[in-house]
Amino acid sequence: MAASRLTPMTVARPGRKLSRRNVTEGSDMSSRMRAATFACTLTAFAAFAAIAASANAKADVEVIELDDPLVNNAKMVARMAPVLERAADGNAQPVNQTGAAEDFSFFLNEVPGMFFNVGVVPADQDPAKAAPNHSPNFFLDEKSLVVGVRALASVTVNYLAGAKTD
């Protein structure tokens, strides 16, 4: 699926204002993301080969591509961005693409949709310094659950009330 804009949204909990980040433009984001992944893979292969060579060994590595790049439907993002802004009391912002794998991409290959995150870092902490999701130090500010439920319910009601996005 080609998209003109990749714009995952992050919804912050009340009291936390997120900074606006650049949104990547492109006619075929999926191809651009695959090319970037391929470049990173080549770099990793070179590192594996060097490490193996340092031990008089050879590295045989096979990459199995499991998930497609997650590319949000531009029309759905344009339609839902104001909905998320309202649900998060003005604290929703587009964020840069990431290289993380996400199986939600398979749904987006079949139907128009969008993926968004809910910010869960406490208001008194710097999100850049917060522990990531899979860390034993991860902490979820439970106030963000209200924002997440409101965001998901608002997006659902808006989608069901309106015309389909192609």
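The values are calculated or read from the model by the stated rules, or taken from the named source; none is laboratory data. Being a predicted model, the structure only gives us computed values, none of them experimental. Every residue, glycine among them, receives a Cβ derived from its backbone with ideal geometry; neighbour counts consider all protein chains shown.
Please pick out the residue among Phe104, Phe138, Phe116 that is touching a Phe, Trp or Tyr at 6+ places or on another chain (Cβ under 8 Å) and either closer than 27 Å to Cys40 by Cβ or surrounded by fewer than 17 Cβ atoms within 10 Å (Cβ to Cβ) (or both).
The match here is Phe104.
Considering only helices (runs of 4 or more DSSP H) fully contained in segment 26-135, which possess at least 2 residues that are modelled with pLDDT of 90 or more and among the aliphatic types (A, V, I, L, M)?
74-87
Search segment 45-66 for residues that are over 30 Å from Phe106 (Cα atoms) and pair each with any residue that is exposed (fewer than 11 other Cβ atoms within 10 Å of the Cβ) and at pLDDT 75 or above when their beta-carbon atoms are under 6 Å apart and the residues are at least 6 apart or on different chains.
Hits for this filter: Ala52/Lys58.
Testing Asp124 on (1) under 18 Å from the mean Cα position of the chain (by Cα); (2) surrounded by fewer than 15 Cβ atoms within 10 Å (Cβ to Cβ); (3) among the acidic types (Asp, Glu), one condition comes back false. Which one is that?
Answer for Asp124: the failing condition is (1).
Right, Pro132: over 23 Å from Val83 (Cα atoms) and surrounded by fewer than 12 Cβ atoms within 10 Å (Cβ to Cβ) or not?
Yes.
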